[in-house]
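Chemist: Before we start, here is the structure in question, set down as structure tokens.
The values are calculated or read from the model by the stated rules, or taken from the named source; none is laboratory data. All values reported here derive from a predicted model rather than from experimental measurement. Ideal geometry is used to build each Cβ from the backbone, glycine not excepted, and the neighbour counts take in all protein chains shown. With ligands, DNA and RNA removed, areas are computed over all heavy atoms of the protein, side chains included. Shrake-Rupley method; radii C 1.70, N 1.55, O 1.52, S 1.80 Å.
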Amino acid sequence: MASALLDNVTTVLLVAPVTLLVCNRLKLPAMPFLLAEVFASNVGGTATLVGDPPNIIIASRAGLTFNDFLVRLAPLCAVLIAVLVALCRVMFAKYFVYDEKRAPEIMELREREAITNPRLLAQGLGVLALVVAGFVLHPVLHYEPSVVALLGAGLLIAISKVETGEVLGEVEWPTLAFFAGLFIMVGALIEVGVIGDLGSALADTIGGNELGGSMLMLGGSAVLSGIVDNIPYVATMAPITSQLATEMGGNPDHVMWWALALGADLGGNATAIGASANVVVLGIAERNRQPITFWQFTKYGLIVTTVTIAVSALYLWLRYFALA
């Protein structure tokens, strides 16, 4: 739910440190719990326009509103979260160990003791509310989410007494450097035409077959998003999808857009570089000396992606074809 309102990166930034604290007290490895959280954040972020950056790109290109995403994808995401919980119970069963001696230590924790500056908390929540409102009002204000976020950060620094250097010291610079390098490489692939050729080949294969095309878009997006990150992938595929939707009837609320959104968002769970939240969580884990390897992530991520994409394929078939 938090990912649907805040976006998946912000959610894991808030939840991951708490998870590490609890796991440390219980003497449990943080890996399964962090992975479950990042999987859930990517699924939850699929539900709304502001939950995952690819959705913002799709909405701006297709002319879709916040309510369009809420109505079409939120019910499915609720089902997918239930499926994910069941999957995690199976995948991470050996890590779910109850220790009668250590459990009371967790119950003795008092969350209010962690709040050392109530005024800053109130300021942060107030600015966060304004930023979320800015995201939701994007169709009216026409400010890009990046601009809204930077304005919110600047406002919070201006009204609070926190030192700028202290704030900058908490920034995940290695993560930002990773994304800079990733987008440069993907940009080079776009520039030389590799990604464009893949997209064009997909468009040629789809032709006018809506059912087959939507299933191919869903599966193909899941695979490619896990390889090149879902943000640059959607940025590349959005014009191609727009052309396909126009040729198939021109309806803004076309099944191809939802196939692209679901494939890209859920496909982001497949590998450690599939979504921004994945890289952020791995960076936090590394800093806290509980590293998660690329293959550890992928081993579980592929299972989650395969199952959630299968459920999404069934949903698209029922909603847009079988019951249409």
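A quick yes/no check of all residues on (1) more than 18 Å from residue 49 (Cα to Cα); (2) open to solvent by 40 Å² or more (accessible area, probe 1.4 Å); (3) without any contact (Cβ under 8 Å) to a residue 24 or more places away in the chain; (4) not in a helix (DSSP H, G or I):
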site	(1), (2), (3), (4)
258	no, no, no, no
281	yes, no, no, no
284	yes, no, no, no
315	yes, yes, no, no
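Chemist: Return the only residue of 224, 262, 266, 216 being free of Cβ contacts under 8 Å to residues at least 24 places away in the same chain and in a helix (DSSP H, G or I).
Modeler: Selected residue: 216, the only one of 224, 262, 266, 216 that is free of Cβ contacts under 8 Å to residues at least 24 places away in the same chain and in a helix (DSSP H, G or I).
Chemist: Tell me which residues, restricted to region 126-162, are of a type in the set (S, T, N, Q) and either farther than 19 Å from residue 54 by Cβ or modelled with pLDDT of 85 or more (or both).
Modeler: The one that is of a type in the set (S, T, N, Q) and either farther than 19 Å from residue 54 by Cβ or modelled with pLDDT of 85 or more (or both): 160.
Chemist: Can we say residue 275 is under 25 Å from residue 213 (Cα atoms), of a type in the set (Gly, Ala, Ser), modelled with pLDDT under 90 and within 17 Å of the chain's Cα centre (by Cα)?
Modeler: yes
Chemist: I've got another one for you. When region 51-84 is examined, which residues are found to be open to solvent by 10 Å² or more (accessible area, probe 1.4 Å), in contact (Cβ under 8 Å) with a residue 40 or more places away in the chain and under 18 Å from residue 11 (Cα atoms)?
Modeler: Scanning region 51-84 gives 53, 56, 74, 81.
Chemist: Please name all residue pairs, on different chains or six or more residues apart, with Cβ atoms under 6 Å, provided the first residue is in region 1-21 and is in a helix (DSSP H, G or I) and the second residue is open to solvent by 30 Å² or more (accessible area, probe 1.4 Å) and not aliphatic (A, V, I, L, M).
Modeler: Between residues of region 1-21 that are in a helix (DSSP H, G or I) and residues that are open to solvent by 30 Å² or more (accessible area, probe 1.4 Å) and not aliphatic (A, V, I, L, M), the close pairs are 15/37; 19/33; 20/288.
Chemist: Here's another thing I want to ask about it. With respect to the numbered conditions (1) without any contact (Cβ under 8 Å) to a residue 24 or more places away in the chain; (2) farther than 30 Å from residue 69 by Cα, which one is the sole condition not fulfilled by residue 162?
Modeler: Residue 162 satisfies all of (1) without any contact (Cβ under 8 Å) to a residue 24 or more places away in the chain; (2) farther than 30 Å from residue 69 by Cα except (1).
Chemist: Take region 119-146 and flag every residue that is under 20 Å from residue 57 (Cα atoms), free of Cβ contacts under 8 Å to residues at least 24 places away in the same chain and open to solvent by less than 60 Å² (accessible area, probe 1.4 Å).
Modeler: Listed by number, the residues that qualify are 131, 133, 134.
Chemist: Given the conditions (1) open to solvent by 30 Å² or more (accessible area, probe 1.4 Å); (2) closer than 23 Å to residue 149 by Cα; (3) not in a helix (DSSP H, G or I), which single one is not true for residue 48?
Modeler: The single condition residue 48 does not satisfy is (1).
Chemist: Quick one: in region 181-199, which of the residues that are within 17 Å of residue 239 (Cβ to Cβ) and modelled with pLDDT under 70 is most open to solvent (accessible area, probe 1.4 Å)?
Modeler: Within region 181-199, the match that is most open to solvent (accessible area, probe 1.4 Å) is 198.
Chemist: Could I ask something else about it? Just one of (1) among the polar types (S, T, N, Q); (2) surrounded by 24 or more Cβ atoms within 10 Å (Cβ to Cβ); (3) farther than 24 Å from residue 319 by Cβ trips up residue 269, so point out which.
Modeler: If we test residue 269 against (1) among the polar types (S, T, N, Q); (2) surrounded by 24 or more Cβ atoms within 10 Å (Cβ to Cβ); (3) farther than 24 Å from residue 319 by Cβ, just (3) comes out false.
Chemist: Would you mind telling me which numbered condition in (1) at pLDDT below 80; (2) exposed (fewer than 13 other Cβ atoms within 10 Å of the Cβ); (3) part of a helix (DSSP H, G or I) residue 178 fails?
Modeler: Every listed condition holds for residue 178 apart from (2).
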